[in-house]
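Accompanying notes for the structure given below.
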Amino acid sequence: MGNKKVGIPKVSVGSNSGADLSLNVMDRFQVSVLCPRKGTLDEQIHAKNLAQRVLLSQDECTDIALTTREGRLSWNHLKDFSREFHFSTAEMNFLKDQVKRLDAAKEITNEMLGLCLKIQEAKLERSKVYSKVA
């Protein structure tokens, strides 16, 4: 019969925990605006990681004809597109907290409204992965 291990279910939260958001170009620029300029180390790490993840690639910038003039970004809105991003539960909770913070301070702008609504309406999904140890 050998050294066969007894099958004990092992439960871990799957990589699908969290939420998927479809972000357009404006939304992706607004992610960093949502984040606090100052905060705890944890908040700043979340902010940096989120901003880096949604940053447009060089190819995406070229595709939408992104330009800057007098410190303002502009692009061909006819070439705007959305891209799906997965955010962990912790990241979504952070984003939801930022929307609440800005809302309480009455600092939600028209430019960030779309992103704030997407974050506010996002439903967190929890999936569990069960695997047996053989």
Subset of segment 38-67, residues over 12 Å from F81 (Cβ atoms) and touching a helix residue (DSSP H, G or I) at 6+ places or on another chain (Cβ under 6 Å), comes to H46, L50, A51, V54
Give the residue that is modelled with the lowest pLDDT, with candidates limited to residues of segment 1-41 that are polar (S, T, N, Q) and not in a loop (DSSP other than H, G, I, E, B). S12
Could you please give the count of residues in segment 55-82 that are in contact with an Asp or Glu (Cβ under 8 Å, 6 or more places away or on another chain) and assigned to a helix (DSSP H, G or I)? 1
Pick from segment 69-91, criterion closer than 18 Å to N24 by Cβ and of a type in the set (A, V, I, L, M), ranking: surrounded by the fewest Cβ atoms within 10 Å (Cβ to Cβ): L78
Lone qualifier among C35, C61 - being surrounded by 13 or more Cβ atoms within 10 Å (Cβ to Cβ) and free of Cβ contacts under 8 Å to residues at least 40 places away in the same chain: C61
Mind checking whether some residue in segment 68-90 is touching a strand residue (DSSP E or B) at 6+ places or on another chain (Cβ under 7 Å), of a type in the set (D, E) and in contact (Cβ under 8 Å) with a residue 12 or more places away in the chain? yes
When segment 103-122 is checked residue by residue, the ones that are within 17 Å of the chain's Cα centre (by Cα) and either surrounded by 15 or more Cβ atoms within 10 Å (Cβ to Cβ) or without any contact (Cβ under 8 Å) to a residue 12 or more places away in the chain (or both) are M112, L113, L115, C116, L117, K118, I119, E121, A122
With the checklist (1) over 26 Å from D59 (Cα atoms); (2) acidic (D, E); (3) in a helix (DSSP H, G or I) in hand, flag the one item E111 doesn't pass. (1)
Assigned to a strand (DSSP E or B) and not charged (D, E, K, R): is that true of F94 in this structure? no
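The values are calculated or read from the model by the stated rules, or taken from the named source; none is laboratory data. Since this is a predicted model, take the numbers as computed values, not measurements. Note that we place each Cβ from the backbone using ideal geometry, even for glycine, and neighbour counts take in every protein chain shown.
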